[in-house]
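The values are calculated or read from the model by the stated rules, or taken from the named source; none is laboratory data. Values in this document were obtained by computation on a predicted structure and should not be read as measured data. Cβ sites come from the backbone with ideal geometry, for glycine too, and all protein chains shown count toward neighbours. Surface areas here come from the heavy atoms of the whole protein model, side chains and all, with no ligands, DNA or RNA. Shrake-Rupley method; radii C 1.70, N 1.55, O 1.52, S 1.80 Å.
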Amino acid sequence: MYLSTAIGILSILTYALAGAGIAREILAAQRQSSLPLKLAWAAAGLHSAYTFLNIHEQNGFSFGFFNTASLTALVVVWLLLFAALDKPVAKLGVLVFPVAALLLAANLAYPSKPHPLAHHDWQLTAHILTSILAFGLLNIAAVQAILLAIQEQQLRHHHPKQFMLALPPLQAMEALLFQMIATGLGFLTISLLTGFLFIDDLFAQHLAHKTVLSILAWLIFSALLFGRLRYGWRGQSAVQWTLIGFTSLLLAYFGSKLVLELILKKI
């Protein structure tokens, strides 16, 4: 237990250093160096080690609120780091890395009571994994949509700040946004299909709202991609619908957990 806690704290500090390094480069208008990303890779590795040790200590993964949030943040970080190998998305780490540190800190401060899933077969594993990947990719898309909205607003008023100037061009940001949405939608589709096929009662108590909101998010993102291909949707419309779709997914994945575990104390 002490080892996992020490590794978790070290991961939090390394995330903080990585985020601070990217922020410093942006504010000082410096060229991007490899050090912040190297620190982020180290932080993600430590975060992964903490997660595996936690699973070992609890004899299985506990799907509590902060435990799940920490795992999701870890997946988002890994997705961002691999995307940064060939796409100009590294500066999104200025938001993603501190959030990962905060969620990991919350997991350390408020450990979940062990209540692993009773039947953890490959079908359920596929459903959970694709759900987390979908959420991670669409989470990055939502962060990118927020930055895209700020970038477009500042360029329209001819007063771009240093942070916005450090981002890729508007067209590149927009293209990356739709790539993330398309990939995330693919995983969300698989997640819904595996849910319908392998979960006995998808509309059971505690699952009905998740199913409905997940389907709503799927419809929103599908309509957005169709509108992009058919009508050339872009700019503020794309940003607004991305954020609406992600909000629906956020409520689907964490809404019931937040209410049941932290407010009603029923789990």
Highest average packing first - 150-156, 129-135, Cβ atoms within 10 Å: 129-135, 150-156
Run the simple label-point estimate for L102 and K38 please: 7 Å along Cα→C-beta, distance reported in nm. 2.9
Using a Förster distance of 41 Å, how high is the FRET efficiency between I199 and L170, based on the Cβ-Cβ distance and rounded to 0.05? 0.50
Working note, segment 1-101: Cα radius of gyration (Å, one decimal) and Dmax (Å, whole number) are 14.1, 48
Quick one: which of 2-9, 191-198 comes out on top by average Cβ neighbours within 10 Å, and what's the full order, highest first? 191-198, 2-9
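Considering only protein heavy atoms and a probe of 1.4 Å, how much of the accessible area of segment 1-118 is carbon and sulfur, as a whole percent? Don't jump to the answer; show the numbers that get you there.
Values: 4180 of 5830 Å².
Carbon-and-sulfur percentage of accessible area, whole number: 72.
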Determine which residues of segment 130-153 fall in the zone a paramagnetic label at K87 would reach in this model, i.e. backbone nitrogen under 13 Å from the point 7 Å along Cα→Cβ. 134, 136-145
Could you work out how much longer the chain between I244 and R156 gets when fully extended? Use 0.36 nm per residue separation minus the Cα distance between them, nm to one decimal. 29.4 nm
Peptides 84-92, 173-181: what's the order by average Cβ count within 10 Å, highest mean first? 173-181, 84-92
Name the residues of segment 1-34 whose amide N is less than 20 Å from a point 7 angstrom out from the Cα of A109 along the C-beta direction? 2, 4-20
